[in-house]
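A quick write-up on the structure given underneath.
Just so it is clear, none of the values below were taken in a lab; they were calculated from the coordinates. Keep in mind that what you see is a predicted model, and the values were worked out from it rather than measured. Note that we place each Cβ from the backbone using ideal geometry, even for glycine, and neighbour counts take in every protein chain shown.
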Amino acid sequence: MSGLRADPVAVEETSACCARLLDALRIADAPEDVLEAVRVRLDDAIALLAPHAHAGPHSQSARGLDPRLPQDPRALAPHELMPWSPIIGRRNPVSPRLEFRVDGQVLRGRGSIPVRFVGAPQTVHGGIVAAALDEIMGLTNFLNGAGSFTGEMTVRFHRPTPIEQELELSGETVSVDGRKVRSRATISAGGELCASAEALFIRPR
């Protein structure tokens, strides 16, 4: 799991820089010589990192890796609990860094999806919408003591989810029946429902 020995703040700052690069490249209409100069610099950066690669195993979670962390997952902010999450993780360069917070048994989120995740014009790609819904449900289950794997998920796209606009998310655990956990989640923009999901999660044996 990369980043275990590195300074967390330095990893987060470097990851954020990589995220800005991804967005800058997505919207760039640069000439070939500029793109070549960028590639040279990126190759140099990759070469600097290569000797420090960690063999793994890799996970989005920090649980069980750092004895200094509180044992109660609710004592951590969600992004601290899942620092390498592709949705909220601040150490993951692809993450849009949505912010989740615990509100009783419900998990709420907010933030915008950056331009690198655009699908149809000015719209978040549907796969990213589904990933955000899956993440908030899975993390909600975990924080409610029902950590589980996604077994089946139905996503309904009510209207396009706007890119680079403030979104509101919510996730809740609906029921737990043995190994079966049922959850639901929503994404809204400007008070209008954009997407919703219902899912069946399966707890490990």
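Structure notes:
- Subset of region 170-198 [in contact with a Lys or Arg (Cβ under 7 Å, 6 or more places away or on another chain) and among the aliphatic types (A, V, I, L, M)]: Val174, Val181, Ala195, Ala197
- Taking region 153-192 as the range and being among the aliphatic types (A, V, I, L, M) and loosely packed, with under 15 Cβ neighbours inside 10 Å as the test, only Val174 passes.
- Subset of region 94-119 that is assigned to a loop (DSSP other than H, G, I, E, B) and crowded, with 18+ Cβ neighbours inside 10 Å - its residue that is farthest from the chain's Cα centre (by Cα): Pro114
- Filtering region 63-82 for residues that are assigned to a loop (DSSP other than H, G, I, E, B) and crowded, with 17+ Cβ neighbours inside 10 Å leaves a non-empty set.
- Failed item, numbered, when Val38 is tested on (1) within 26 Å of Gly119 (Cβ to Cβ); (2) surrounded by 14 or more Cβ atoms within 10 Å (Cβ to Cβ); (3) within 20 Å of the chain's Cα centre (by Cα); (4) not charged (D, E, K, R): (3)
- In region 89-116, the residues that are β-branched (Val, Ile, Thr) and within 20 Å of Cys194 (Cβ to Cβ): Val106, Ile113, Val115
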